[in-house]
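Undergrad: Structure below; questions to follow.
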Amino acid sequence: MAYPVIAIDGPSASGKGTIAAKVAETLQWAYLDSGALYRLTALYAKEQGVDLQDENAVAELALHLPVMFHCGEILLNGSNVSADIRTEEISLLASQIAALPKVRQALLQRQRDFSRASAVVADGRDMATVVFPEAVLKVFLTATAQIRAERRAKQLGIALNTAQFQQILSDIEKRDEKDKTRPVAPLKQAADAHLVDSSDLTIDETVAKVLDLYRQVKK
Ligand code: DC
């Protein structure tokens, strides 16, 4: 590995994207949002009319994804798709194609290439276990399902004692189960990863904790 990597993995809605981006900004390292690559592949397959069950065809698209990350924006074939990849439909399609081994393989080198260009903070599900096993710091960021659901509800402006909130909580629990039990690259804490539970921490406190861990391993 040419440059150092901080790997941050965790379940959905754990806030790892926010934390990873802020840690990267503080250290002035690049930020790799690996989930975006799965989302982009799903969007591209949909746009190209490729059958998502056709593993070889989707993997081929993933291999040649015409993507550019530029100043916080994500361009696919030159169009800004930063918002398009975050829809509920694309979330579902991304989780479908993320279970295909050939698609994961196709995206592997692309992810590793990030650390050839500069130091990087990478967030995802398998950063520490598969993509960057030699990362200088591995963090497994979590929070209880209840807290993650509350944070998501707050973002969406949904009150906590509603059926909509119960739906968010149950979706998070279902996704956790799916992520942990899928046969390919399941979500699990690497043996040498530091567990950070952000249930009782603010964003800034969580960022400070990760930076503190980095300072300790750097010594
Ligand atoms: O983190 P996210 O919600 O943007 O991820 C989108 C999908 O991609 C989600 O279903 C999990 C999957 N994913 C993965 O399998 N491996 C990664 N390293 C990152 C995301």
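Undergrad: For the chain, with all protein chains present and a 1.4 Å probe, just round the carbon and sulfur fraction of the accessible area to a whole percent. Working shown, then result.
TA: Numbers: 5760 of 11230 Å².
Heavy-atom surface of the chain belonging to carbon and sulfur, 1.4 Å probe: 51 percent.
Undergrad: Right, something else. Once every DSSP H run of n ≥ 4 in the chain is given -39500 (n - 2.57) and the sum is divided by its residues, what mean residue ellipticity at 222 nm do you get, rounded to the nearest 500 deg cm²/dmol? Intermediate results must be reported in sequence, preceding the final value.
TA: On the way: 8 runs with 109 residues, N = 219.
-16000 deg cm²/dmol, from helical runs alone.
Undergrad: Quick check for me: using +1 on Lys/Arg Cβ and -1 on Asp/Glu Cβ, what's the dipole size of the stretch 33-175 about its Cα centre, in debye to the nearest 20? Present the calculation step by step, with values, prior to reporting the outcome.
TA: Details: 16 positive and 17 negative charges, 93 e Å.
Value, rounded to 20: 440 debye.
Undergrad: A further question on this structure: Report the one residue of 164, 109, 71 whose Cα lies farthest in the direction of the positive end of the charge dipole of the chain (charges on C-beta: Lys and Arg +1, Asp and Glu -1; origin at the Cα centre).
TA: Sorting the options by dipole projection puts first 109.
Undergrad: Could you give the Stokes-Einstein D for the stretch 1-91 in µm² per second, using the C-alpha Kirkwood radius, 10 °C, 1.306 mPa s?
TA: Working: Rh = 14.5 Å.
Estimated diffusion coefficient is 109 µm²/s.
Undergrad: Right, here's the next one. What is the P(r) of the chain, as percent of Cα-Cα pairs per 5 Å bin from 0?
TA: Each 5 Å bin holds this share of Cα pairs: 1, 7, 14, 19, 20, 18, 13, 6, 2, 0, 0.
Undergrad: Here is a follow-up. In whole Å, how far is the Cα centre of the stretch 149-184 from that of the stretch 20-96?
TA: 22
Undergrad: Taking a threshold of 30 Å on the Cα-Cα distance, which of the pairs 102/219; 154/209; 180/219; 46/209 fall above it? Display every interim value, and only then the final one.
TA: Working: 102/219 39 Å; 154/209 23 Å; 180/219 33 Å; 46/209 39 Å.
Too far apart for the 30 Å limit: 102/219; 180/219; 46/209.
The values are calculated or read from the model by the stated rules, or taken from the named source; none is laboratory data. Everything quoted here is computed from the prediction, not taken from an experiment. Positions of Cβ are backbone-derived with ideal geometry, glycine not excepted, and every protein chain shown enters the neighbour counts. For the accessible areas, the whole protein counts, side chains as well, though only heavy atoms, and no ligand, DNA or RNA atoms are used. Shrake-Rupley method; radii C 1.70, N 1.55, O 1.52, S 1.80 Å.
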